[in-house]
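These notes are about the structure you will find just below.
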Amino acid sequence: METSDADKLAQFEARIARGEKIEPGDWMPEGYRRQLIRMIGQHAHSEIVGMLPEGAWITAAPTLRRKLVLIAKVQDEAGHGQYLYHAAETLGVSREHMVDELLAGKAKYSSIFNYPTLTWADVGMIGWLVDGAAIKNQTMLAQCSYGPYSRAMVRICAEETFHFKQGKEMISIYAQGTPLQREMAQDALNRWWWPSLMMFGPHDSDSANTPTLTRWGIKTRSNDELRQKFINEMVPEFHALDLSIPDPDLRYDEASGNWLIGPIDWDHFWQVVKGNGPMNKERMAARRKAHEDGQWVREALAAYAERLNV
Ligand code: BYC
């Protein structure tokens, strides 16, 4: 007797409840596949677009050591994009299609990469704050129910931890350095604090995808839970360096043990997500140019593969 879709769904959900990983050839509901393609695709695009803000500083790094570290970091992000595109491809979508969707403005990427990197201190602040926020979210995703995504996350988190540490090292040195270095560190914190908190996505009450993602073990923590955890860890770190958080409403709540923040400017967030942030147009123009410049490489590879008959 044929197993009905309802039975298959029940078996699928029982596997997730037992903590088993779902693998590419396994039966999965269409909604699960669609959510994963959306999220892994966005994640891959974020890694690739995310190379641009820091990449802009490679030629202007202040020392050879800093330049080497930055080149390695930006290269790591490219690698993360590769793992993630591969993970998404196991769900039956091609990388070409995902890239076309990005370049056509149909697929999203993280809002955080639509801000300019105005000074060298921004490179340190991105490492500490942005990679720090990403690790919070990705450590959760390393536990997610889809095998290829969770395994990609394990390696990505290890590398992001390294990025986080180099950013923290830089900002710690600048915060205790010359008055100008301190000023640069504070200015970078002023500009990157709120966008980093927005990386976690809208409040849970406005997060349309969370119920489905939670039901199927893709997300095990909500946007607000992860954001709060991140705030609680970061605030004491910045205070220890005598850097101030740009939030007049920030206060410690004894009862919950949480650092409570003022209201997030969600209108601004949605404008950035819709393509109207400070650097959206430049970021997409850079990606389109890179895609056009790479056309001959793709053609050469396709011709070579045809010759080898692979
Ligand atoms: N930016 O229902 P919600 C890195 C969208 S890169 C833009 O809560 P969900 C790095 C969301 O897509 C790592 N859009 O969504 C690289 C949804 O729209 P759609 C980046 C956002 O999926 C280089 C709508 O808002 N990390 O580390 O449940 C250098 C409603 O939201 C954003 C990832 O990509 C946003 N911030 O939760 C340095 C992690 N937030 O798709 C560092 C993977 C929300 O329904 N992604 N939206 O049209 C996720 O974990 C989740 O997708 C999110 C959002 C937590 C971001």
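Restricting attention to the stretch 205-225, the residues that are within 19 Å of Tyr109 (Cα to Cα) and assigned to a helix (DSSP H, G or I) total 4.
In this structure, Glu77 qualifies as among the acidic types (Asp, Glu) and within 13 Å of the ligand (Cβ to nearest atom).
Cβ-Cβ contacts under 7 Å between residues 6 or more apart (or on different chains), taken from a first residue in the stretch 281-294 that is more than 19 Å from Tyr115 (Cα to Cα) to a second residue that is assigned to a helix (DSSP H, G or I) and of a type outside the set (Val, Ile, Thr), are listed as His291/Leu103. Which of the residues that make up the stretch 245-264 are assigned to a loop (DSSP other than H, G, I, E, B), surrounded by 13 or more Cβ atoms within 10 Å (Cβ to Cβ) and in contact (Cβ under 8 Å) with a residue 24 or more places away in the chain? Ile245, Pro246, Asp247, Ile261, Ile264 - these are the residues of the stretch 245-264 that are assigned to a loop (DSSP other than H, G, I, E, B), surrounded by 13 or more Cβ atoms within 10 Å (Cβ to Cβ) and in contact (Cβ under 8 Å) with a residue 24 or more places away in the chain. Which of the residues spanning the stretch 99-116 are assigned to a loop (DSSP other than H, G, I, E, B) and either in contact with a Leu (Cβ under 7 Å, 6 or more places away or on another chain) or near the ligand (Cβ under 10 Å from one of its atoms) (or both)? Matches in the stretch 99-116: Lys106, Ala107, Lys108, Tyr109, Ser110. Inspect the stretch 27-49 for any residue being over 24 Å from Lys289 (Cα atoms), of a type in the set (Asp, Glu) and in a loop (DSSP other than H, G, I, E, B) and give the result as yes or no. Among the residues of the stretch 27-49, not one is over 24 Å from Lys289 (Cα atoms), of a type in the set (Asp, Glu) and in a loop (DSSP other than H, G, I, E, B), which makes the answer no. Residue selection: Val93 satisfies the criterion of being assigned to a loop (DSSP other than H, G, I, E, B) and surrounded by fewer than 21 Cβ atoms within 10 Å (Cβ to Cβ). Checking each residue in the stretch 130-167 for being over 19 Å from Gln75 (Cα atoms) and in a helix (DSSP H, G or I) picks out Ala133, Lys136, Asn137, Thr139, Met140, Leu141, Gly147, Pro148, Tyr149, Ser150, Arg151.
Residues that are among the small types (Gly, Ala, Ser) and within 11 Å of the ligand (Cβ to nearest atom) were ranked within the stretch 117-147; the one that is farthest from the chain's Cα centre (by Cα) is Gly127.
Taking the stretch 148-172 as the search range and keeping residues that are more than 12 Å from the ligand (Cβ to nearest atom) and among the β-branched types (Val, Ile, Thr), which one is nearest to Arg182 (Cα to Cα)? Ranking the candidates gives Ile171 first.
In the set Pro195, Pro236, Pro202, only one residue is within 9 Å of the ligand (Cβ to nearest atom), in a helix (DSSP H, G or I) and modelled with pLDDT of 95 or more; that residue is Pro195. Please indicate, with yes or no, whether at least one residue in the stretch 61-79 is within 27 Å of the chain's Cα centre (by Cα) and hydroxyl-bearing (Ser, Thr, Tyr). No: the stretch 61-79 contains no residue that is within 27 Å of the chain's Cα centre (by Cα) and hydroxyl-bearing (Ser, Thr, Tyr). The numbered conditions (1) farther than 17 Å from Glu159 by Cα; (2) assigned to a helix (DSSP H, G or I); (3) out of contact with any helix residue (DSSP H, G or I) (no Cβ under 6 Å at 6 or more places or on another chain); (4) among the small types (Gly, Ala, Ser) are all true for Ala87 except (3).
The values are calculated or read from the model by the stated rules, or taken from the named source; none is laboratory data. This one's a predicted model, so the numbers in the text were calculated from it and none came from an experiment. Here the Cβ is made from the backbone with ideal geometry for all residues, glycine too, and neighbour counts use every protein chain on show.
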